[in-house]
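Throughout, read-outs are computed from the coordinates displayed, never taken from laboratory work. Because the structure is a prediction, the values reported are computed rather than measured. Reconstructed Cβ throughout: ideal geometry from the backbone, glycine too, with neighbour counts over all protein chains shown.
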Amino acid sequence: MLLYFDAHTHLQNMTDLSAILKRAQAAGVTDFMCLATHEGDWQKVLDIAKTHPNVRAGIGVHPWFLATLEKGWETRMETLLKAHPSLLVGEIGLDKIKADADPTVSSLDHQERVMRVQMDLAARYNRPFHMHCVRAWDRILHILKRNKRPDFFVSHSHHGNATWVPQLIDMGAYLSYSAIFVPSNRQKVQACLKATPLDRLLVESDCPDLAPEPSAIPELVKKMAVVREQDEAVLAHALYENAQRISHGR
């Protein structure tokens, strides 16, 4: 049986988690990365990882949730990173759609300030971070080039221009693909998927947002193999090994 690692989830937002993880295990999905989106999630993801040793947790502030920020959040985040050496950083990033919809609270300038703080913490403790980017690639590439960063990071639910893939890889990126590559009209995402080196490729459910639960991963890998014209078993093995490496910061 093939084994799978779901590289990006929000298990803290799911009900009946035990049943969901049992279904995932039955499908061969044995390991997970679970990312927070705001401070109210931080203890939740830590508790999930403590209860389920096959879950690797990450804490961060997502650009959609800047309104939840309270004074001292950076210090509290650093305290948790110090206390939990296996803790990842994320989900962090930029989202132009959110900035346009809510410019008073979530301007790109504010999003960038919050992202840079979290990147600095990730670099200080060399913890991989999970990055969200929507319609802000020029700006985020500039940040990645100029800002301190850890050795590796994850571009989650990756999409954009395939010509940027080598730059991202050179900066330490692993590119994680969700179900957004599946529709036939998502040719740009498929081009990115094809351009990503096998040793920097990840797969994710992004549940419960882009897939209902992690048990969707095997079918996603099957479709990924078709797009990449690659043997499914070879691809599945590489995806699992890559996720093991990045979850441990290598």
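Against the numbered list (1) of a type in the set (Val, Ile, Thr); (2) assigned to a loop (DSSP other than H, G, I, E, B); (3) surrounded by 18 or more Cβ atoms within 10 Å (Cβ to Cβ), THR15 comes up short only at (3). Taking GLU74 and the conditions (1) surrounded by fewer than 18 Cβ atoms within 10 Å (Cβ to Cβ); (2) within 26 Å of ARG245 (Cα to Cα); (3) free of Cβ contacts under 8 Å to residues at least 60 places away in the same chain, which numbered condition does it fall short on, given that it satisfies the others? Of everything listed in (1) surrounded by fewer than 18 Cβ atoms within 10 Å (Cβ to Cβ); (2) within 26 Å of ARG245 (Cα to Cα); (3) free of Cβ contacts under 8 Å to residues at least 60 places away in the same chain, GLU74 misses just condition (2).
Consider THR68 carefully, then state whether it is out of contact with any Asp or Glu (no Cβ under 7 Å at 6 or more places or on another chain), surrounded by fewer than 18 Cβ atoms within 10 Å (Cβ to Cβ) and of a type outside the set (Asp, Glu). No: the conditions fail for THR68. One residue stands out in the range 123-134 among those that are outside any strand (DSSP E or B) and touching a residue at least 60 places away in the same chain (Cβ under 8 Å): the one that is surrounded by the fewest Cβ atoms within 10 Å (Cβ to Cβ), namely ASN126. A count restricted to the range 1-20 and to residues that are without any contact (Cβ under 8 Å) to a residue 24 or more places away in the chain and either under 18 Å from ILE246 (Cα atoms) or touching a helix residue (DSSP H, G or I) at 6+ places or on another chain (Cβ under 6 Å) (or both) stands at 0. Within the range 36-65, if we keep just the residues that are more than 18 Å from the chain's Cα centre (by Cα) and either surrounded by 15 or more Cβ atoms within 10 Å (Cβ to Cβ) or not small (Gly, Ala, Ser) (or both), the residue that is nearest to ILE246 (Cα to Cα) turns out to be PRO53.
Considering (1) touching a helix residue (DSSP H, G or I) at 6+ places or on another chain (Cβ under 8 Å); (2) at positive phi, the lone condition that GLY172 does not fulfil carries the number (1). GLU70 falls short on exactly one of the conditions (1) under 22 Å from GLN12 (Cβ atoms); (2) over 17 Å from the mean Cα position of the chain (by Cα); (3) in a helix (DSSP H, G or I), and that condition is (3).
Among the residues of the range 84-93, some residue qualifies, meaning at least one is in a loop (DSSP other than H, G, I, E, B) and small (Gly, Ala, Ser). Only residues that are in contact (Cβ under 8 Å) with a residue 12 or more places away in the chain, of a type outside the set (S, T, N, Q) and more than 23 Å from ILE217 (Cα to Cα) were counted across the range 167-182, and they come to 4.
Looking at the range 222-250, which of its residues are touching a Phe, Trp or Tyr at 6+ places or on another chain (Cβ under 9 Å) and farther than 20 Å from GLN187 by Cβ?
ALA236, LEU239, TYR240, GLU241, ASN242, ALA243, GLN244, ARG245, ILE246, SER247, GLY249, ARG250
Residues satisfying the criterion are absent from the range 102-115 (criterion: within 20 Å of LEU201 (Cβ to Cβ), surrounded by 18 or more Cβ atoms within 10 Å (Cβ to Cβ) and not charged (D, E, K, R)).
Taken as a whole, the range 21-38 holds no residue that is among the small types (Gly, Ala, Ser), in a helix (DSSP H, G or I) and without any contact (Cβ under 8 Å) to a residue 60 or more places away in the chain. Do the conditions hold for GLY160, that is, is it more than 25 Å from ALA216 (Cβ to Cβ) and touching a Lys or Arg at 6+ places or on another chain (Cβ under 9 Å)? Judged against the criteria, GLY160 is not a match. Considering only residues in the range 235-244 that are in contact (Cβ under 8 Å) with a residue 24 or more places away in the chain and of a type outside the set (Gly, Ala, Ser), the one that is nearest to ALA57 (Cα to Cα) turns out to be GLN244.
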